[in-house]
Each structure stands twice: as structure tokens, then as C-alpha cells.
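Below you'll find the structure, written out as C-alpha cells, and then a few comments.
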Amino acid sequence: MGWTKAETTDRLTEWERDDGWATIRLRETGAGRWVVRLDRLEQAPDGRTYRRESVETREAALELVEEWKADSDVPTA
């Protein structure tokens, strides 16, 4: 299952899983750090989860985004 960019600004990017049950958001904080959060709804076939992590650089945040996307993919039938 894939992910689609749902929202993009200068300081924020959000992806939505194609089934609509999960989102990953990348945003820059006022202090210049980067926060990545995964929010998967309770109704999702793989169950509810919420994760949030703060890292120093955008590159590290994008690596985390890719890791979480892979971990949160649901096989298509």
C-alpha cells in the first residue's frame, strides 16, 4: 500500500496512507528541530498507534518518515 502527500507547506509535510487510516507528519519546530509523528487510527486493519520523535535535521527526519512508512504499510489483497 502506498502513501500520498496530503499537505505541504514550507515547514510541514503530511502523508496519508492510501487506505486513509494512517498519517505521517513532518514539521519544523520554532527551535529549528524536526518532529515526525505517526498517527494510525483505531479502526485501521493493523490497529491504533501513535509515535512522535524529534530529530536535529530534516534529512534525519525524512529517513524516519521512510522507515515509518515501511513499518506501517499494509499488504494489498
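The table that follows gives values for the structure above.
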{"read-out": "Positive minus negative residues near Thr49 (Lys, Arg vs Asp, Glu; Cβ under 15 Å)", "value": "0"}
{"read-out": "Total charge dipole magnitude, segment 3-72, about the Cα centre, Cβ charges on Lys, Arg, Asp, Glu only, Debye to nearest 20", "value": "240 debye"}
{"read-out": "With Cα atoms, 0 to 90° folded angle of helix 58-71 axis to the chain main axis", "value": "10 degrees"}
{"read-out": "Under 14 Å, Cβ to Cβ, from Arg40 - net charge with Lys/Arg +1 and Asp/Glu -1", "value": "-2"}
{"read-out": "Relative contact order of the chain, pairs being alpha-carbon contacts under 8 Å that are 6 or more residues apart, as %", "value": "23 percent"}
{"read-out": "Cα-based convex hull volume of the chain per residue, rounded to whole Å³", "value": "79 Å³"}
{"read-out": "Length gained when the stretch Glu59-Asp46 is fully extended (0.36 nm per residue, less Cα-Cα span)", "value": "1.9 nm"}
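The numbers here are math on the coordinates, done by the rules we state, and not lab data. Since we're looking at a predicted model, the values are computed, not measured. All Cβ positions, even for glycine, are placed from backbone atoms using ideal geometry, and neighbour counts span all protein chains on display.
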